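Structure, as structure tokens:
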Amino acid sequence: MSYVLIIGAKSEIAQATAREYARHGYDIYLAARNVDELENLVQDIKVRSAVNVILLELDILNIETHQHFYDNLEEKPLGVISVVGYLGEQKRGEVHFEETQKIINTNFIGIVSLFNIIANDFEARRSGFMVGISSVAGDRGRKSNYIYGAAKAAFTTYLSGLRNRLYESQVHVMTVKPGFVNTKMTKGMNLPEKLTAEPEEIAIDIFKAQQKNKDILYTIWIWRWIMLAIHYIPEFQFKKMSI
């Protein structure tokens, strides 16, 4: 098999996803900042799955380097999965625009820059898959995280348009919308146990859905119905709610 490129590779979801794809025989590119910190993960995957794993240094915010990064891959990937994410601090972002900018650039602008480059290659090759981790936070703005949610909403819309564009080129684009996930990013939050997934659960869902060419994946599954219910709350009532 050929390589799957995973960007944002230092996150728990990314690492679980790398293990899952490797378990099914895929070679792996792991891309992130200070990526050498993942050397132990590389050795573990190689021992368990006997696939090739290559570490790639990538700063998603350094847009000027993205074309060079992709052009210099030894072998172009058959698929790309973005697990890039930065929750940020909502309250800080309300006062300090640099925090707002970091949230938007990390969750949207930087990923779009690299995805545009990869999409053009996949379109020319008429093959490939692209998976973007968005969030249920992008389905409706809430006062607790609406800056993050706005960035994820933009990314969801981008993926929808990209899916429409690349359909005729036989390139599969999938949007993943996790709910609560037990990761470092959510450490310290009081999350409901039955609505909170482990990274390994998310990884398995991603692999299965991508293999079936699904367009949108809510994970865990119940979040599809939770967000549908939230979507239909009238605005005059929703604005008064503390959620």
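A few comments on the model shown:
- Listed by Cβ neighbour count within 10 Å, with the fewest neighbours leading, S2, S160 appear as S2, S160.
- Anchor K184: aspartates and glutamates whose Cα lies under 13 Å away (excluding residues fewer than 8 positions away in-chain): E12, E198
- Given K91/K208; K177/K240; K46/K76; K91/K214; K46/K194; K10/K91, the pairs whose alpha carbons are separated by over 31 Å: K91/K208; K91/K214; K46/K194
- Fully extending the segment from E64 to K194 would add 42.6 nm, taking 0.36 nm per residue of separation and subtracting the current Cα-Cα distance.
- Fewest-first ranking of D71, D139, using other Cβ atoms within 10 Å as the exposure measure: D71, D139
- In summary, the helical segments of the chain meeting the span-like criteria, namely a full DSSP H run, a Cα extent along the axis of 24 angstrom or more and a mean Kyte-Doolittle hydropathy of at least -1.0, are 146-166.
- A cut-off under 13 angstrom between Cβ atoms defines the neighbours of S242, and their net charge, with Lys, Arg +1 and Asp, Glu -1, is +4.
- In region 15-122, GluC sites (Glu not before Pro) in a DSSP loop with at most 10 other beta-carbon atoms within 10 Å: E74
- Using just its DSSP H runs of length 4 or more, each adding -39500 (n - 2.57), the chain gives a mean residue ellipticity at 222 nm of -13000 deg cm²/dmol after division by all residues.
- Relative frequency of Cα-Cα separations exceeding 29 Å in the chain, percent: 26 percent
Values quoted throughout were computed directly from the atomic coordinates according to the rules given, and no laboratory measurement underlies them. The structure displayed is predicted, hence computed values, not measured ones. Quick reminder, even Gly has a Cβ in these numbers, built from the backbone with ideal geometry, and neighbours come from all protein chains shown.
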